[in-house]
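The values are calculated or read from the model by the stated rules, or taken from the named source; none is laboratory data. Bear in mind that the values here come from a model prediction, so they are computed numbers and not experimental data. Please note: Cβ atoms are built from the backbone with ideal geometry, for glycine as well, and neighbour counts cover all protein chains shown.
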Amino acid sequence: MNRLIVLLLPALLLAGCRGRSEKPLPDLGTVPDFKLIDDQGKPITLADLHGKTWVADFIFTHCAGPCPRMSSRMSDLQTFIAGAKTVTLVSFSVDPERDTPKVLTEYGKQFGARHESWRFVTGDEKSVHELARKGFKLAVEPEQPAAPITHSTMFALVDRDGKIRGYYDGDDAEAYARLKSDLQRLMSGKD
């Protein structure tokens, strides 16, 4: 009997280790308060997102580079979160001069956006760019005479308390898979 216990003890210990949860997602800072408008022309603030897990990205509608790919990923995420009432997606326009609520609504339609799960947000350029740079710590540079708008292609995962829990390269399939996995963790309350 003692020999059986000695043989089974390592197996039981290994099984117990496998049952432990993963390392918690990092706390990468808190999103500062903001007051912008959404694609319906309604005000949106950080308080409106409190209690929700959300994924943010920064795009613009006439972007010929990464924005359509990022929006396609957001469309896929919209399907992934279908039915989840406490999860939303937020795409901030880094070109608010051209990206009016009407333009954002039309752009969203191209990707099957549903307002209840995916919101497009705009405002004045200074506010949006400051939110990207200082709030999310993501790069953005306004259009110059010889250069288009440049911006980060990262997605940010934000928890119910407005804390940034991860950044994920929108052009990287492995990073996108991690985003979905980490989003699922927050959706299920495991982190």
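General remarks:
- Qualifying residue in region 92-105 (condition: modelled with pLDDT of 95 or more, over 12 Å from the mean Cα position of the chain (by Cα) and surrounded by 20 or more Cβ atoms within 10 Å (Cβ to Cβ)): yes
- Taking every residue in region 34-60 that is buried (at least 20 other Cβ atoms within 10 Å of the Cβ) and pairing it with any residue that is among the acidic types (Asp, Glu) and not in a strand (DSSP E or B), at least 6 positions away or on another chain, the pairs with Cβ-Cβ distances below 7 Å are Thr53/Asp159; Phe60/Asp95; Phe60/Asp99.
- When Thr150 is tested against (1) farther than 15 Å from Cys63 by Cα; (2) in contact with a strand residue (DSSP E or B) (Cβ under 6 Å, 6 or more places away or on another chain), exactly one condition is not met: (1).
- Unmet criterion (only one of (1) of a type outside the set (Phe, Trp, Tyr); (2) over 30 Å from Ser181 (Cα atoms); (3) touching a Ser or Thr at 6+ places or on another chain (Cβ under 7 Å)) for Ser117: (2)
- Qualifying positions in region 61-84 - charged (D, E, K, R) and either in contact (Cβ under 8 Å) with a residue 60 or more places away in the chain or part of a loop (DSSP other than H, G, I, E, B) (or both): Arg69, Arg73
- Residues that are of a type in the set (A, V, I, L, M) and within 12 Å of the chain's Cα centre (by Cα) were ranked within region 150-174; the one that is surrounded by the fewest Cβ atoms within 10 Å (Cβ to Cβ) is Ile164.
- Filtered by the rule that a residue be out of contact with any Leu (no Cβ under 6 Å at 6 or more places or on another chain) and within 14 Å of Arg160 (Cα to Cα), region 46-75 gives Leu46, Ala47, Asp48, Leu49, His50, Gly51, Lys52, Trp54, Ala56.
- Single unsatisfied condition, Lys134 versus (1) modelled with pLDDT of 95 or more; (2) over 12 Å from the mean Cα position of the chain (by Cα): (1)
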